[in-house]
Amino acid sequence: MTSRFIVGNWKMHKTVSESETLVREILTAYCAHPSVEVAIAPSFVALQSVAALLRGTSIHLAAQTVYQEDEGAFTGEISPPMLKAVGCRYIIIGHSERRHILGETNQDVNLKIKATLRNQLQPIVCVGERLEEREAGLTTQVIHTQLQEGLTGIPIQDLGKITVAYEPVWAIGTGKAATVEQATEVHGEIRRFLHRQFGIDSQTQRILYGGSVSMENANALFESPEINGALIGKACLNAESFGKIILLASQ
Ligand code: PEP
């Protein structure tokens with residue numbers, strides 16, 4: 001069985017000094033456990049100071065997105081080598097807010113995954129359907145397309161380094177998480193698709209669930225053998241709830 005993986009996505013929250021305070025609180029509330037890997041993704045401007053506070057701990061640093069080129073005239077963008085130099089290990093790619101608010105396409109996601117892997121960083125690739133797509137019976141099709149186009153052209157030896165996060169758009173930030181049955185069904189489908197299309201080992205592929213994960217529902221979600229951890233938004237901005245979810249993941 002793969003170890004569980006808990007990732008906190010801070011989104012566009014917290015100034016640098018607020019970020020430092022939250023990391024200190026998380027480090028106080030958190031108990032490292034060998035069966036759970038933890039990463040946090042603060043804003044770009046807070047990465048350096050958060051990295052300094054995480055040094056010597058077992059919590060990894062992640063970025064919330066990246067640009068697909070290593071350097072150049074791309075005003076406002078941040079490259080994989082910059083993120084690597086500041087201490088990131090993981091990069092969240094294709095979050096639904098980037099897809100649906102900022103217009104990222106599956107082709108952008110594909111280029112970003114390639115750039116991330118080229119720089120020996122590990123992508124956390126988000127996929128998920130919108131409510132109208134689920135209601136129209138299109139969930140599987142939408143996710144297949146996101147994975148097929150997102151992972152095209154990536155060598156098999158690199159595919160194993162990718163974590164997939166299933167994040168139904170209707171569950172993100174709404175307080176209305178997918179049920180364990182809904183998440184389990186889609187995770188199983190993702191696992192089978194990755195094996196069929198790309199030859200990815202179903203046993204070792206890590207698939208996280210994201211969408212209104214909380215202290216209250218985490219335990220039930222982690223009982224599903226298909227759910228290898230969580231990508232967390234709101235509940236990771238509070239050290240106590242983030243620590244509690246990590247603890248539940250360790251049990
Ligand atoms: C997210 O943004 O990835 C997320 C899952 O947010 P929340 O936990 O707030 O639904």
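Some values worked out for this structure:
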{"read-out": "Failed item in (1) within 16 Å of the ligand (Cβ to nearest atom); (2) closer than 16 Å to Gly150 by Cβ, with Ala62 passing the rest", "value": "(2)"}
{"read-out": "Considering residues of region 157-178 that are of a type in the set (S, T, N, Q) and more than 9 Å from the ligand (Cβ to nearest atom) only, the residue modelled with the highest pLDDT", "value": "Thr163"}
{"read-out": "Residues of region 115-133 satisfying the condition of being touching a Ser or Thr at 6+ places or on another chain (Cβ under 6 Å) and not in a loop (DSSP other than H, G, I, E, B)", "value": "Pro123, Ile124"}
{"read-out": "Gly153 being surrounded by fewer than 14 Cβ atoms within 10 Å (Cβ to Cβ) and in contact (Cβ under 8 Å) with a residue 12 or more places away in the chain", "value": "yes"}
{"read-out": "Matching helices (runs of 4 or more DSSP H) fully within region 18-114 where at least 2 residues are farther than 23 Å from Thr152 by Cβ", "value": "47-54, 80-86"}
{"read-out": "Selection count, region 217-227, where residues are surrounded by fewer than 18 Cβ atoms within 10 Å (Cβ to Cβ) and within 19 Å of the chain's Cα centre (by Cα)", "value": "3"}
{"read-out": "Unique match (being within 15 Å of Ala39 (Cα to Cα), more than 15 Å from the chain's Cα centre (by Cα) and not aromatic (Phe, Trp, Tyr)) among Ser214, Ser250, Ser202", "value": "Ser250"}
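The values are calculated or read from the model by the stated rules, or taken from the named source; none is laboratory data. Just so it is clear, the model here is predicted, and its values are computed rather than measured. Positions of Cβ are generated from backbone atoms using ideal geometry, with glycine treated the same way; all protein chains shown enter the neighbour counts.
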